[in-house]
Amino acid sequence: MKIGIDISQIIYQGTGVSRFTQGLIEAILKYDKKNHWVFFFSSFRQSLDKNIIKKIQQKNYQIINWKLPSSLLSFLFNDLHLVTTPLINIFSSLNSLDWFITSDWIELPLSIKKTTIVHDLIYLRYPQTLPEKIIKTQEKRLYWVKNEARIIFADSNTTKDDLINYLGIDSQKIIVNYPGIYIFTPSKDIIKKTLKKYQLEEKKFILTVGKIEPRKNIERLICAFSKLKPVNIALVVVGPSGWSQVNFSSYNIKYLSYIEDIELYSLYSACLFFVYPSLWEGFGYPIVEAMALKAPVACSNTSSMKEVAQNCALFFNPFDVEDIKSKMKIMLENDKLRKDLIAKGKVNVRRFTWKNYYLKLIETLSAFK
């Protein structure tokens with residue numbers, strides 16, 4: 001098969017969609033032995049990583065690289081949903097493919113078979129947590145997805161149910177395919193170096209990860225932690241800035257913004273436990289990453305988080321500060337529970353591999369006539 005894929009979302013480092021895109025690219029390059037791929041990328045200000053370009057070229061795959069703003073692409077393809085004259089030749093080559101996998105930002109107006117990957121429907125469930133631009137873009141994009149996509153891959157059964165219930169999409173068109181995780185275990189020296197860099201080498205800490213936006217619920221977590229006031233224990237918050245204004249000057253809070261993966265993996269490996277208070281997730285990458293790096297997990301009891309974590313985490317109500325506080329207190333005081341959760345998490349993460357994801361993706365596309 002000849003397959004095209006939009007990988008533009010990889011540039012948004014520190015977000016789940018970027019981690020997903022990175023993992024899928026790596027899986028294609030590692031496991032595909034017989035299909036031909038065309039990688040579509042567009043960004044006005046940022047460039048595709050040179051290492052990725054090199055790997056794609058080594059496989060003799062094609063890269064289509066545009067320097068256009070995402071806002072212009074959204075207007076052309078989500079609003080107008082047409083091909084302008086300067087782009088006709090490029091679209092002619094794309095229309096010769098067997099399949100095209102669109103991104104979660106724009107829906108290209110192609111005449112060939114299209115599929116897409118839907119991570120979540122936050123814009124419908126919690127529109128108050130998103131900027132208006134994102135809501136409008138997703139509304140327009142998913143209108144075309146509903147009408148033009150032959151198959152839709154969902155990251156979880158939670159997202160599949162939302163596609164059915166909110167958008168009325170036929171369940172037969174939706175394939176649940178759990179993403180994999182792509183991590184490596186840092187050495188003791190790297191962990192020690194990371195802890196020293198962030199002045200955590202002599203302090204126990206609780207870790208949370210996520211873009212600073214309302215849905216990630218960092219404000220309630222900080223409130224719960226400030227009420228708990230554990231002695232000589234910090235709450236470390238890792239994630240790029242977003243559209244929330246959060247006060248990190250509360251009791252023993254350390255905000256690190258975006259950090260490199262190797263440092264993040266070191267913090268997962270060294271934390272007392274990982275806490276994830278998100279209001280809603282289509283999958284919840286940090287939960288699986290934390291388990292893979294042997295961090296006990298406490299997380300919200302909503303959406304796909306229960307589906308992904310199963311019985312391998314301590315759950316709380318993300319809307320209830322007192323419940324978050326109570327569960328954090330249990331995690332702090334119960335060594336046996338933390339050890340049990342580490343052991344269960346280690347088994348649970350075996351379900352989430354990029355090889356499995358890639359194989360199901362290709363098998364589905366191959367079987368669809």
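The values are calculated or read from the model by the stated rules, or taken from the named source; none is laboratory data. Source: prediction; values computed, not measured. Heads up, the Cβs are rebuilt from the backbone with ideal geometry, glycines too, and the neighbour counts pull from every protein chain shown. Keep in mind that these areas ignore ligands, DNA and RNA; they rest on the heavy atoms of the full protein, side chains included. Shrake-Rupley method; radii C 1.70, N 1.55, O 1.52, S 1.80 Å.
Look at the range 22-47 and say how many of its residues are under 20 Å from W105 (Cα atoms) and among the basic types (K, R). Qualifying residue count for the region: 1.
When restricted to residues that are out of contact with any strand residue (DSSP E or B) (no Cβ under 8 Å at 6 or more places or on another chain), under 13 Å from E107 (Cβ atoms) and not hydrophobic (A, V, I, L, M, F, W, C), the range 142-171 contains 3. Of all residues in the range 276-290, those being more than 12 Å from N301 (Cα to Cα) and more than 8 Å from the chain's Cα centre (by Cα) number 6. Counting residues in the range 39-56 that are surrounded by 15 or more Cβ atoms within 10 Å (Cβ to Cβ), among the small types (G, A, S), at pLDDT 95 or above and more than 24 Å from V209 (Cα to Cα) gives zero. Reported count of residues in the range 210-232, each being surrounded by fewer than 20 Cβ atoms within 10 Å (Cβ to Cβ), out of contact with any Lys or Arg (no Cβ under 7 Å at 6 or more places or on another chain) and closer than 20 Å to N301 by Cβ, is 4.
With a requirement of 1 or more residues that are open to solvent by 40 Å² or more (accessible area, probe 1.4 Å) and under 23 Å from P179 (Cα atoms), the helices (runs of 4 or more DSSP H) lying completely within the range 273-360 that satisfy it span 303-309, 335-348. Within the set G4, G23, the sole residue that is assigned to a helix (DSSP H, G or I) and touching a residue at least 60 places away in the same chain (Cβ under 8 Å) turns out to be G23.
When L256, L235, L207 are checked against the criterion of being in a strand (DSSP E or B), open to solvent by less than 50 Å² (accessible area, probe 1.4 Å) and over 26 Å from D340 (Cα atoms), a single residue qualifies: L256. Restricting attention to the range 254-313, the residues being in contact with a Leu (Cβ under 9 Å, 6 or more places away or on another chain) and among the charged types (D, E, K, R) number 3. The listed residues are I222, I212, and the only one of them that is in contact with a Ser or Thr (Cβ under 8 Å, 6 or more places away or on another chain) and modelled with pLDDT under 95 turns out to be I212.
Please go through the range 210-232 and pick out each residue that is in a helix (DSSP H, G or I), over 20 Å from the mean Cα position of the chain (by Cα) and β-branched (V, I, T).
The one that is in a helix (DSSP H, G or I), over 20 Å from the mean Cα position of the chain (by Cα) and β-branched (V, I, T): I222.
Among the residues of the range 173-197, those identified as open to solvent by 30 Å² or more (accessible area, probe 1.4 Å), over 30 Å from T116 (Cβ atoms) and part of a loop (DSSP other than H, G, I, E, B) are T185, S187.
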